[in-house]
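Asks: Please see the structure below; I have some questions.
The values are calculated or read from the model by the stated rules, or taken from the named source; none is laboratory data. Here the structure is a predicted model, which is why all the values come from computation and not from measurement. Here Cβ is always computed from backbone atoms with ideal geometry, including for glycine, and neighbour counts include all displayed protein chains. Heads up: the accessible areas ignore ligands, DNA and RNA and are worked out on the full protein's heavy atoms, side chains in. Shrake-Rupley method; radii C 1.70, N 1.55, O 1.52, S 1.80 Å.
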Amino acid sequence: MKAIGIVAEFNPFHQGHAYLISCAKEHTGADYAIVTMSGDFVQRGTPACMDKYTRTRMALSMADVVIELPCLYATASAEYFAQYAVRMLVDTGVVDCICFGTEHPDFPFETIADILMQKNEQIEESIRSAVASGLTYPAARAAALSDYCLSHKIANDFAILEALSEPNTILGIEYTIAALRHHCTVLPIARIGHSYHDNSTEGEYLSASAIRTQLLATESPEPTERKYVSETDMNALVFQALLAAQKAGYDQYLDCDKDLSNRICKLLPQYTDFVSFAHLLKSKNYTYTRICRVLLHIMLNIKNEDMHYAPYYRVLGFRMSAQELLSQIKKTSSVPLITKPASAQSLLLESAYSVFELDLYAAALYEQMACQDFAPRINEMQQSPIIIP
């Protein structure tokens, strides 16, 4: 029995994702593909356009098992997102290869990961200096790595070096670091179709961004129907959370430091909506994505003290043909497997249940945004896994 692991958001699942899973199985000879998928909120600090169960059903057209990446990890920085997602897959005891899509399959992921794992002082000092001069951390790290690779003749292809600042490359490096730490191999697979940020609606393989734009632009749901969710649906919830926490400040929340907390307090009277406020807060020191994550963490009440590894496998769905795989995971892993949320409290240690409670809270707020006046709501505690015959 051979299984490969994939970390994904599937926001939403599309043909490029299907191609990734198909290629991963073909290249590795794997019998199964296990996906750890973000729930109702994603790493760029926004809600998923569709609920996690709809996306799970779509993913199971190709994947065999989908487990939920807890919201605490799914909405964290790239480092923590990758670190905990990969560790969850490895801890199943059946995954020995992590597969991911990239625009640059020939990029030296393992070489770069190894350099970063060694905490090279030259690179660390370059990053510190660049951050102090006003660059964001991702830009500072990309510049430091680029300079180091050129000076040490590790890579002379400027196109490859430019890739260091691209989202999928950044995640690919973090996946590789996490995999190497757990003695797991990685398999980068070339993306096909449009690039990550391409909003073009022409062609067979559209980007997730383009598909989200199409979905949100064409939607006019009836009051009895669920809607696609976007950042605009967070407007009131974020403002309410900001007001409630204003007196104590925001540096207790994940990803927020004292300077950003002070900036939020100063500019809060100018709040009109989530997107505009995030752009208002953006500066040379803080990326737009980081600010979105901070605002989301404030809305979800996710604090710095919450970040710890306390895993559980919340099974969102599986194919009937993967029942043997699930049985094997139960045998080889010490991580609790949850198929009935109502039983979670009796199965989980207190530290893990506190992470699970954050998922419940996040799901409740997501339902508030996704449902029209008379639309059916998902009861998280009663939701069973999606099973595909």
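Asks: Name the residue, out of 91, 373, 273, whose mean-square fluctuation peaks in a Gaussian network model built on the chain with Cα pairs under 10 Å.
Replies: In the Gaussian network model the winner is 373.
Asks: As a test of the formula, what do you get for the chain when each DSSP H run with n ≥ 4 contributes -39,500 (n - 2.57) and the sum is divided by the residue count, at 222 nm and rounded to the nearest 500 deg cm²/dmol?
Replies: Helix-only estimate at 222 nm: -14000 deg cm²/dmol.
Asks: Give, rounded to the nearest 20 debye, the magnitude of the charge dipole that the chain has about its Cα centre when Lys and Arg contribute +1 at Cβ and Asp and Glu contribute -1 at Cβ.
Replies: 500 debye
Asks: Given a Förster distance of 41 angstrom, what is the FRET efficiency for residue 216 paired with residue 23, based on the Cβ-Cβ distance and rounded to 0.05?
Replies: The calculated FRET efficiency here is 0.90.
Asks: Modelled label-to-label distance, residue 287 and residue 181, 7 Å Cα→beta-carbon offset: nm?
Replies: Taking the simple label geometry, residue 287 and residue 181 are separated by 1.8 nm.
Asks: With springs only between Cα atoms under 10 Å apart, run a GNM on the chain and tell me which of 348, 267, 60 wobbles the most.
Replies: 267
Asks: Which percent of the accessible heavy-atom area of the chain goes to carbon and sulfur, probe 1.4 angstrom?
Replies: Answer for the chain: carbon and sulfur cover 50 percent of the accessible area.
Asks: Calculate, in nm to one decimal, what residue 305 and residue 374 gain on full extension: separation in residues at 0.36 nm each, minus their alpha carbon distance. Each step should come with its number before you reach the end.
Replies: Numbers: separation 69, 0.36 × 69 = 24.84 nm, distance 3.77 nm.
Between residue 305 and residue 374, full extension yields 21.1 nm more.
Asks: Still on this structure: Top mean-square fluctuation among 151, 207, 230, Gaussian network model of the chain, C-alpha springs under 10 Å?
Replies: Residue with maximal mean-square fluctuation among 151, 207, 230: 151.
Asks: List the residues of region 220-253 whose backbone N lies under 12 Å from a point placed 7 Å from the Cα of residue 273 along the Cα-to-Cβ direction.
Replies: Label zone hits: 230-236.
Asks: Right, next: Identify, among 352, 334, 388, the residue whose Cα sits farthest towards the positive end of the charge dipole of region 332-389, taking +1 on the Cβ of Lys and Arg and -1 on the Cβ of Asp and Glu, with the dipole about the Cα centre.
Replies: Of 352, 334, 388, it is 388.
Asks: Suppose R0 equals 41 Å. What FRET efficiency, 1/(1 + (r/R0)^6) with r the Cβ-Cβ distance, do residue 327 and residue 152 give to the nearest 0.05? Each step should come with its number before you reach the end.
Replies: Working: r = 48 Å, r/R0 = 1.18.
Efficiency for this residue pair is about 0.25.
Asks: Oh, and also: Hey, can you find the accessible area per residue of region 260-353 for me, probe 1.4 Å, expressed in square angstrom?
Replies: I get 48 Å² per residue for this part.
Asks: Once a ≥ b ≥ c are taken as the square roots of the eigenvalues of the Cα gyration tensor of region 319-389, is the result rounded (a/c under 1.5), prolate (a/b larger than b/c) or oblate (a/b not larger than b/c)?
Replies: oblate
Asks: Under a point spin-label approximation (7 Å from Cα along Cα-to-Cβ), what is the residue 137-residue 224 distance to one decimal in nm?
Replies: Inter-label distance under the simple model: 4.9 nm.
Asks: Leaving ligands, DNA and RNA out of it, work out the accessible area of residue 280 with a 1.4 Å probe and give it in Å² to the nearest 10.
Replies: Spelled out: residue 280, probe radius 1.4 Å, area about 60 Å².
Asks: Still on this structure: Could you tell me which label, among [x] 1.06; [y] 0.95; [z] 0.98, carries the value of Rg/Rh (Cα atoms, Kirkwood Rh) calculated for this structure?
Replies: Structure-derived value, by its label: [y].
Asks: If you don't mind, another one. Starting from the Cα-Cα distance between residue 2 and residue 346, subtract it from 0.36 nm times their residue separation and give me the gain in nm to one decimal.
Replies: Contour length minus Cα-Cα distance gives 120.7 nm.
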